[in-house]
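In what follows, a single structure is set out as structure tokens and then discussed.
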Amino acid sequence: MDVLDLTRLQFAVVTIYHYFFVPMSISLAAIAAGLEITWLRTKNDKFRDLTKFVGKLLIVTFAVGVVTGLVQEFQFGMGWSAFAKFYGDVFGPTLAIEGMLAFFLEATFLALWYFGWDRLPRVAHAATIVIVSLGTILSAFIILAANSFMQNPIAYEMDPVTGRARLTSFAELLTNKVNLAAFPHTLAGAAMIGGALLLAIAVWRMAAEPAHRTLARLGAWVMLAGGAATALTGDHLGKVITEVQPMKMAAAEALYETTKGAPFSIITTGKPLPSFTLDIPWLLSILAKGSPGATVQGIDDLQAQYVAQYGPGSYVPMIPVAFWTFRLMIGAGMLAAAVAAFYLWRTRKNRDAPRWLTRWLPLIPLLPAAANTLGWIFTETARQPWIAFGLTKVSDGISPGLTSAEVLASLIGFAVIYGVVAVVWFRLIRHLARQPLHVSEPSGKSPELAPVY
């Protein structure tokens with residue numbers, strides 16, 4: 001692998017690892033806020049105990065997400081300084097605001113929430129976790145605006161003095177049509193992974209306390225709602241992507257010839273020359289254009305169009321990666337939602353889930369985690385060879401003077417450190433999951449001062 005491939009691999013490793021914790025933090029914060037508000041309204045201490053438990057999971061996950069997020073932002077300076085230099089005026093505000101939100105808003109109010117139990121008025125205390133939840137959502141929206149610029153560059157102009165891109169409208173950058181479509185899709189995927197984590201833990205600990213049943217069904221409902229929202233928002237996102245990056249949708253189906261009423265392959269062998277394929281008629285046209293008779297441009301025609309528009313070269317992404325990540329993403333998400341629906345149906349009216357199901361449910365977070373990861377891989381690799389679509393190629397954004405040995409050394413270092421952090425996170429989550437949900441008050445102490453964690 002040359003220095004470019006290694007740098008791309010390093011960025012992928014760091015981003016995939018970071019993105020495992022980000023959606024989980026978003027959903028756990030929202031769930032914790034919802035549970036505490038429910039406790040305030042119902043006065044049922046079961047919801048107080050569940051709030052504290054979900055909050056513990058949030059704190060551990062949030063800490064790992066913040067640390068890995070720092071490395072993620074430093075990646076632009078380490079491996080992609082040419083890109084950062086050219087687009088720094090566009091990316092700078094989004095990265096700065098997102099960093100300030102994570103460190104000053106979210107972290108501060110999360111600390112107030114943690115130390116403020118029974119010290120702050122109940123409404124004020126609930127407000128702290130609501131602010132944390134809103135902060136995580138706002139962080140996601142702003143950082144997605146930066147990524148959406150790479151998918152659909154807008155709100156910039158070339159500075160004649162510096163020769164670099166200059167931001168013309170921060171509001172226009174935030175309201176990029178790709179961002180407005182990708183943001184709700186990201187939140188829906190976040191709901192799935194957060195709900196899956198709660199379902200997995202609750203089923204694993206179901207025999208310990210009755211409240212775990214409430215937590216399990218809550219996690220399943222969040223998963224199911226997230227799955228439905230993912231399908232709806234993904235449909236809209238696909239149409240937006242087809243409009244701004246038609247090559248990406250063509251690559252998702254390995255569609256080489258422009259086709260009217262294009263089908264969608266459920267499974268195939270040997271694309272682009274299949275010996276066997278199972279197609280759903282007209283589905284690709286529906287996904288791309290919203291009409292079964294719509295015409296979807298093929299890879300060959302788009303390649304010729306891009307050569308005429310941008311100059312000689314290959315503008316075709318890695319077709320097998322785009323083709324299979326797109327399907328595996330959809331399959332993993334649908335399977336996760338189906339499992340959640342099946343669990344809710346089997347546990348209705350206080351019934352117990354089948355033993356074979358509870359044996360495997362602790363592994364359920366792997367499905368939405370895989371769907372989120374595969375979705376990110378598809379989004380980024382199917383944009384190739386562009387780092388900013390239609391403007392700058394990936395090969396032009398790498399740091400000058402970077403050597404393969406330097407990238408390989410840092411990649412190995414990141415992999416080792418992240419591996420250790422993953423083990424620590426897992427052990428902490430397992431330790432928290434083994435603790436009882438209800439913490440009894442020590443004798444002789446006021447409940448207002450009793451320790452919570």
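Restricting to the stretch 158-189, name every residue that is in a loop (DSSP other than H, G, I, E, B), of a type outside the set (A, V, I, L, M) and exposed (fewer than 14 other Cβ atoms within 10 Å of the Cβ).
Selection gives 159, 160, 162, 163, 168, 169.
In the stretch 163-214, which residues are of a type in the set (D, E, K, R) and either on the phi > 0 side of the Ramachandran plot or touching a residue at least 60 places away in the same chain (Cβ under 8 Å) (or both)?
Scanning the stretch 163-214 gives 164, 166, 177, 205, 209, 213.
Looking only at the stretch 321-348, count every residue that is more than 30 Å from residue 218 (Cα to Cα) and free of Cβ contacts under 8 Å to residues at least 60 places away in the same chain and tell me the total.
Looking only at that region, the number is 1.
Conditions (1) closer than 29 Å to residue 165 by Cβ; (2) surrounded by fewer than 19 Cβ atoms within 10 Å (Cβ to Cβ); (3) in contact (Cβ under 8 Å) with a residue 12 or more places away in the chain, marked per residue:
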| residue | (1), (2), (3) |
| --- | --- |
| 89 | yes, yes, yes |
| 93 | yes, yes, yes |
| 98 | yes, no, yes |
| 101 | yes, no, yes |
| 113 | no, no, yes |
| 133 | no, no, yes |
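Check 307, 321 and return the single one that is of a type outside the set (Ser, Thr, Tyr) and surrounded by 15 or more Cβ atoms within 10 Å (Cβ to Cβ).
321
Pick from the stretch 380-409 the residues that are open to solvent by less than 40 Å² (accessible area, probe 1.4 Å) and part of a helix (DSSP H, G or I): which of them is farthest from residue 185 (Cα to Cα)?
For the stretch 380-409, the residue satisfying everything is 407.
Among residues belonging to the stretch 431-453 that are farther than 17 Å from residue 48 by Cα and open to solvent by 80 Å² or more (accessible area, probe 1.4 Å), point out the one that is modelled with the highest pLDDT.
Within the stretch 431-453, the match that is modelled with the highest pLDDT is 431.
Inspect all residues belonging to the stretch 248-256 and state whether any of them is buried (at least 22 other Cβ atoms within 10 Å of the Cβ) and charged (D, E, K, R).
yes
If residue 351 satisfies all but one of (1) surrounded by fewer than 11 Cβ atoms within 10 Å (Cβ to Cβ); (2) more than 30 Å from residue 218 (Cβ to Cβ), what's the number of the condition it fails?
(2)
Residue 37 versus (1) modelled with pLDDT under 95; (2) outside any loop (DSSP other than H, G, I, E, B): which is the lone unmet condition?
For residue 37, the exception is condition (1).
From (1) part of a loop (DSSP other than H, G, I, E, B); (2) open to solvent by 40 Å² or more (accessible area, probe 1.4 Å), pick out the condition that doesn't hold for residue 334.
With respect to (1) part of a loop (DSSP other than H, G, I, E, B); (2) open to solvent by 40 Å² or more (accessible area, probe 1.4 Å), residue 334 is out only on (1).
Across the stretch 27-72, which residue is least open to solvent (accessible area, probe 1.4 Å) among those that are over 19 Å from residue 112 (Cβ atoms) and among the β-branched types (Val, Ile, Thr)?
68
Would you mind stating whether residue 358 is in a helix (DSSP H, G or I), polar (S, T, N, Q) and either within 30 Å of residue 83 (Cβ to Cβ) or touching a Cys at 6+ places or on another chain (Cβ under 6 Å) (or both)?
No.
The values are calculated or read from the model by the stated rules, or taken from the named source; none is laboratory data. Since we're looking at a predicted model, the values are computed, not measured. Using ideal geometry, Cβ is built from the backbone for each residue, glycine included, and neighbour counts are taken over all protein chains shown. For the accessible areas, the whole protein counts, side chains as well, though only heavy atoms, and no ligand, DNA or RNA atoms are used. Shrake-Rupley method; radii C 1.70, N 1.55, O 1.52, S 1.80 Å.
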